[in-house]
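Chemist: Below are the structure tokens for one structure; questions will follow.
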Amino acid sequence: MAKKSFDVQVIAKLCKACGICVSLCPKNVFDRAADGKAVVSRPEECIGCVSCELHCPDFCVEVMEKEAE
Ligand code: SF4
Ligand code: SF4
């Protein structure tokens, strides 16, 4: 069976740069931009645990499973 893959998106205009998602992600998917906002650098590492989505206080992280190719 093919490995599941996920799209991870941060809505930058809503992100308040708290860093929670960056700290929680077990796969180090996020980096922080110069202004501290989360940026999705390694979406291919995402395992779909949705910790980031559940804990973002501003509901600006979205994780979506990609259709198998
Ligand atoms: S769903 Fe889990 S692995 Fe994927 S970016 Fe969020 S915290 Fe990281
Ligand atoms: S948890 Fe949400 S508000 Fe905090 S840095 Fe991540 S995306 Fe931004």
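Every number here is computed from the coordinates shown, using simple stated rules; none is lab data. All values derive from a computational prediction rather than experimental measurement. All Cβ positions, even for glycine, are placed from backbone atoms using ideal geometry, and neighbour counts span all protein chains on display.
Chemist: With respect to residue 5, is the statement that it is surrounded by 12 or more Cβ atoms within 10 Å (Cβ to Cβ), among the hydroxyl-bearing types (Ser, Thr, Tyr) and in contact (Cβ under 8 Å) with a residue 40 or more places away in the chain true?
Modeler: Spelling it out, residue 5 is indeed surrounded by 12 or more Cβ atoms within 10 Å (Cβ to Cβ), among the hydroxyl-bearing types (Ser, Thr, Tyr) and in contact (Cβ under 8 Å) with a residue 40 or more places away in the chain.
Chemist: Across region 28-44, which residue is farthest from ligand 2 (Cβ to nearest atom) among those that are surrounded by 17 or more Cβ atoms within 10 Å (Cβ to Cβ) and farther than 9 Å from residue 8 by Cβ?
Modeler: 37
Chemist: Hey, another quick one. Within region 45-62, take every residue that is out of contact with any strand residue (DSSP E or B) (no Cβ under 8 Å at 6 or more places or on another chain) and assigned to a loop (DSSP other than H, G, I, E, B) and give me the one that is surrounded by the most Cβ atoms within 10 Å (Cβ to Cβ).
Modeler: 56
Chemist: OK, next. Does any residue in region 44-56 that is hydroxyl-bearing (Ser, Thr, Tyr) come within less than 9 Å, Cβ to Cβ, of a residue that is within 7 Å of ligand 1 (Cβ to nearest atom) six or more places away or on a different chain, and which pairs are these?
Modeler: Here the result reads 51/21; 51/24; 51/25; 51/26, each pair linking region 44-56 to a residue that is within 7 Å of ligand 1 (Cβ to nearest atom).
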